[in-house]
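Coordinate-derived values only; no laboratory data. This one's a predicted model, so the numbers in the text were calculated from it and none came from an experiment. Counting neighbours? That spans all protein chains shown, and the Cβs are built from the backbone with ideal geometry, glycine included.
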Amino acid sequence: MVSLKDAALLALGDELLSGIRREGNCTWMAARLHRAGWKVRGMEVLPDDTAASLAALRRWIGSVRLLVISGGLGPTHDDRTRDILAEFLGAPLVRDDATYDRMASRYCGDHREAFERSRSRQAAIPAGVESVYNPLGSALGMRFERQGTEVFSFPGVPAEYRAMADEALGARLTPEECWLSVSITGWAESLLKDRIADVLEDPLMHTSILPAANLVEVVLRGETDRIRAGEREIRERLPGDCLPAGCTTLQQAVVEAAIDRRMTVSAAESCTGGLVGAAITDVPGSSEVFPGSVICYDNRIKRQLLGVSPEILETNGAVSEACACAMAEGARRLLGADMAVSVTGVAGPGGGSAEKPVGTVWFAVSSARSGETKALLRKFAGDRAMIRERSRAKALELLWRGILGDTAWK
């Protein structure tokens, strides 16, 4: 029997299996379905192969309530999804010129001519199948129902896939209050699970721990009253480490806290090369609180822009407490910000020493309101990318704690 809230996701394309392109549509859709209370029973990435695709359709249709397919609707020889669906349904391909005309009307000149060249292929859908309007591209989507399974097929271009899914799936993606999440910073996953073990082991909830760089998201699913109680317990037990409700990233927490307190923040970055500033400016509204940052990879920039003294660089080195403090203070002054964070370290793979091995990173936060500058040393494991990402995340955490006036750094 088909469950009312079970789903499966398919992505078609040789380029996904070869690594030429990264599959992200299924992950995006899984998150949307999860928030709407669906259980995703499986995600599959398939080659441009008719037999493999037909087998997957037979496997899932009749087994789940919703099946969403990504890719294979372009005009080229390896775009086979419409032919595969026609074979599965035992129906010929027919053209939906009316819907295609709606899409073509958006274009003129050379763009219209290119659009028309694809009509014979991209306007085709199996007979008896409902077409789905594409607001951004030239390929029709499709919808049909078989054996209790509602099937949607969208192009693999991420922007088109998401726009069509939002429109076509509609209320099916409306969030339900059957789950909550709490994002926690400053804790290793292994230590956090012990700290809140009783909440995680509550038999009346389904819980998941999702770790990222310097952030652990705890997801609680179950009855509304139960998951709310679980969230309250976590927040009461870790009062200074939980991001605000609805906040899932450190950069969002920084921007929201700065807006709330009418503060401006900036950064001085050496080993992270702009990752902190990029993260902050990813957040809508960050222009209210973030005047800018300084990427000071070279010591000359540390001296000329941030005022780090030659004596500090010669005596202590660029990767030092003194340099981190001078960088934060210099960025705050230069950019006229209320607070600034700095990060300077050895990201590797070379450049390390016995005294300062690869992974050694100094941070500092300078506050105009308190007149204080505090520094913190961390030694991260991993390759260059991991060290830079962990440094970015730690800098954002320290900036967030600084805005809140938290003096208990971890």
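Between Leu89 and Ile259, the modelled label-to-label distance comes to 4.4 nm, taking each label 7 Å out from Cα in the direction of the beta carbon.
Taking max minus min of the alpha-carbon positions on each principal axis, region 6-173 gives extents of 45, 33, 32 Å, largest first. Compute the long axis of helix 321-335 from its Cα atoms, compare it with the longest principal axis of the Cα atoms of the chain, and write down the angle in degrees, 0 to 90, nearest 10. Long axis of 321-335 versus the principal axis of the chain: about 70 degrees.
Only helical runs count toward this figure. For the chain, summing -39,500 (n - 2.57) over DSSP H runs of n ≥ 4 and dividing by all residues gives -11000 deg cm²/dmol at 222 nm. Listed by Cβ neighbour count within 10 Å, with the fewest neighbours leading, Ser353, Ser286 appear as Ser353, Ser286. Taking trypsin sites (Lys or Arg not before Pro) across region 74-135, the ones in a DSSP loop with at most 14 further Cβ atoms lying within 10 angstrom of their Cβ are Arg106. Listed by Cβ neighbour count within 10 Å, with the fewest neighbours leading, Met29, Met263 appear as Met263, Met29. Between amide H atoms placed 1.01 Å from N, distances below 5 Å from Gly156 occur with Gly71, Gly72, Leu73, all of them 5 or more places distant or on a separate chain. Think of each Lys and Arg Cβ as +1 and each Asp and Glu Cβ as -1; about the Cα centre, that makes the dipole of region 157-310 roughly 700 debye. Proximity of backbone amide H atoms, modeled 1.01 Å from N, is registered between Phe380 and Thr360, Val361 at under 5 Å, excluding neighbours fewer than 5 places apart on the same chain.
Which shape class applies to the chain: rounded if a/c is under 1.5, otherwise prolate when a/b exceeds b/c and oblate if not, where a ≥ b ≥ c are the square roots of the Cα gyration tensor eigenvalues? Prolate. For region 200-307, GluC sites (Glu not before Pro) meeting the loop criterion (DSSP other than H, G, I, E, B) and having at most 15 other Cβ atoms within 10 Å: Glu201, Glu223.
DSSP finds beta bridges in the chain, and of those with both partners inside it, around 60 percent are antiparallel.
Note that region 253-262 has calculated 3J(HN,Hα) couplings of 4, 4, 5, 5, 5, 5, 4, 4, 9, 6 Hz, one per residue in order, obtained from phi through the Karplus relation 6.51 cos²θ - 1.76 cosθ + 1.60 (θ = phi - 60°); glycine and proline are x.
For the chain, the longest principal axis of the Cα atoms and the long axis of helix 224-237 meet at an angle of about 20 degrees.
Phi angles of region 113-126 translate, via the Karplus equation with coefficients 6.51, -1.76, 1.60 and θ = phi - 60°, into HN-Hα couplings of 4, 5, 4, 5, 4, 8, 4, 4, 9, 7, 8, 8, 9, x Hz per residue; Gly and Pro are given as x.
Rounded, prolate or oblate: pick one for region 179-237, where a ≥ b ≥ c are the square roots of the eigenvalues of its C-alpha gyration tensor, a/c under 1.5 means rounded, and failing that, prolate if a/b is larger than b/c, else oblate. Prolate. Each residue of region 378-384 is assigned a 3J(HN,Hα), and the resulting list reads 9, 10, 9, 9, x, 7, 4 Hz, derived from the Karplus form 6.51 cos²θ - 1.76 cosθ + 1.60 (θ = phi - 60°), x at Gly and Pro.
Sorted ascending by nearby beta carbons within 10 Å, beginning with the fewest, Met142, Met43 become Met43, Met142.
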